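Peer 1: Okay, handing you the structure first.
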Amino acid sequence: MKHFLILITCFIFIENLKAQNLQYGAELGINLSGATVKDPGGDPHGTPGVGFQLGGFGEYALTSPHLAVGARVLFSYEGYKPVIYDTKASVHVSFIKIPINLIYKSGGKNGKLSIGVGPYFAFGVGGHYTSDNTNEKIKIHFGSNPDEDDLKRVDIGVDLMACYKLNDKICVRASFDLGAINYLTPGSTADASAHCLSFGITGCYSLSK
């Protein structure tokens, strides 16, 4: 009976905490993505590709009315159109992306504008590239084997975001991600490096009361 009462008390406490301080919901939008690529053996460049992202968010208010901690879990489909050694290609990669932000709210809890900064963690779950010379779709392999893999499975970087609240349920979020690590697998590209870039705009809908 004692353990049951403790469990009920904890449940009530958590539910009350959630109701007061936790906001959560879903978001959906588009992104423009690319990469900063360096290769001493060539002059790589490219143009951003259009993709989409969808997922959920959570935001927990801290003791200050201006501060909160937020996290998102997104499926992000990203693209890039590089030109490498005068060969054009189209690259598409899918990530599970988790940005974690310290958020500042300009007008307190009821303020319309908020900005945030923090790290993001991305996990490659699929991808392919197509060369304009052959039009053959080739699967991208993730891992650390220089003889078999193309990209590292994990990417880590910095996430910047700004959010504008339209009403109690709907807001618009803009985010910019810059990769901090070289996500190319060492091998034939040992002297080359690439860092992810992504800019996204999403509509967010709050599911909390």
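The values are calculated or read from the model by the stated rules, or taken from the named source; none is laboratory data. Quantities reported herein were computed from a predicted structural model and do not represent experimental measurements. For neighbour counting, all protein chains shown are included, and Cβ atoms are generated from backbone atoms with ideal geometry for every residue, glycine included.
Peer 1: Considering only residues of the range 63-81 that are of a type in the set (Val, Ile, Thr) and assigned to a strand (DSSP E or B), which is surrounded by the fewest Cβ atoms within 10 Å (Cβ to Cβ)? Break it down into steps so the answer makes sense when it comes.
Peer 2: Here is the first cut: in the range 63-81, the ones of a type in the set (Val, Ile, Thr) are 63, 69, 73.
Then drop every residue that is not assigned to a strand (DSSP E or B), which leaves 69, 73.
Numbers: Val69: 15, Val73: 12.
The extreme case among them is Val73.
Peer 1: State whether the residues of the range 185-197 include one that is surrounded by 14 or more Cβ atoms within 10 Å (Cβ to Cβ) and within 18 Å of Phe52 (Cα to Cα).
Peer 2: Yes, some residue in the range 185-197 is surrounded by 14 or more Cβ atoms within 10 Å (Cβ to Cβ) and within 18 Å of Phe52 (Cα to Cα).
Peer 1: Taking the options Lys112, Lys97, name whichever one is basic (Lys, Arg) and either exposed (fewer than 14 other Cβ atoms within 10 Å of the Cβ) or at pLDDT below 90 (or both).
Peer 2: Criteria check complete, one pass: Lys112.
Peer 1: Would you mind stating whether Thr130 is closer than 30 Å to Tyr60 by Cα and among the β-branched types (Val, Ile, Thr)? So that I can check it myself, show each step before the final result.
Peer 2: On the way: closer than 30 Å to Tyr60 by Cα: no; among the β-branched types (Val, Ile, Thr): yes.
Against the criterion (closer than 30 Å to Tyr60 by Cα and among the β-branched types (Val, Ile, Thr)), Thr130 does not qualify.
Peer 1: For the range 82-94, name all the residues that are surrounded by fewer than 16 Cβ atoms within 10 Å (Cβ to Cβ) and either at positive phi or in contact with a Lys or Arg (Cβ under 9 Å, 6 or more places away or on another chain) (or both).
Peer 2: Correct list: Tyr85, Asp86, Lys88.
Peer 1: Hey, could you check the range 151-209 for residues that are closer than 18 Å to Gly118 by Cα and not in a strand (DSSP E or B) and say which is nearest to the chain's Cα centre (by Cα)?
Peer 2: Out of the qualifying residues, it is Ala180.
Peer 1: Please specify each residue of the range 78-103 satisfying the condition of being free of Cβ contacts under 8 Å to residues at least 40 places away in the same chain and in contact with a His (Cβ under 9 Å, 6 or more places away or on another chain).
Peer 2: Once the filter is applied, which keeps residues that are free of Cβ contacts under 8 Å to residues at least 40 places away in the same chain and in contact with a His (Cβ under 9 Å, 6 or more places away or on another chain), the range 78-103 yields only Val83.
Peer 1: Could I ask something else about it? Among the residues of the range 132-142, is there at least one that is under 17 Å from Val69 (Cβ atoms), assigned to a strand (DSSP E or B) and free of Cβ contacts under 8 Å to residues at least 40 places away in the same chain? Before you say what the answer is, go through the steps one by one.
Peer 2: Initially, the range 132-142 is screened for residues under 17 Å from Val69 (Cβ atoms), giving none.
So far as the range 132-142 goes, no, none of its residues is under 17 Å from Val69 (Cβ atoms), assigned to a strand (DSSP E or B) and free of Cβ contacts under 8 Å to residues at least 40 places away in the same chain.
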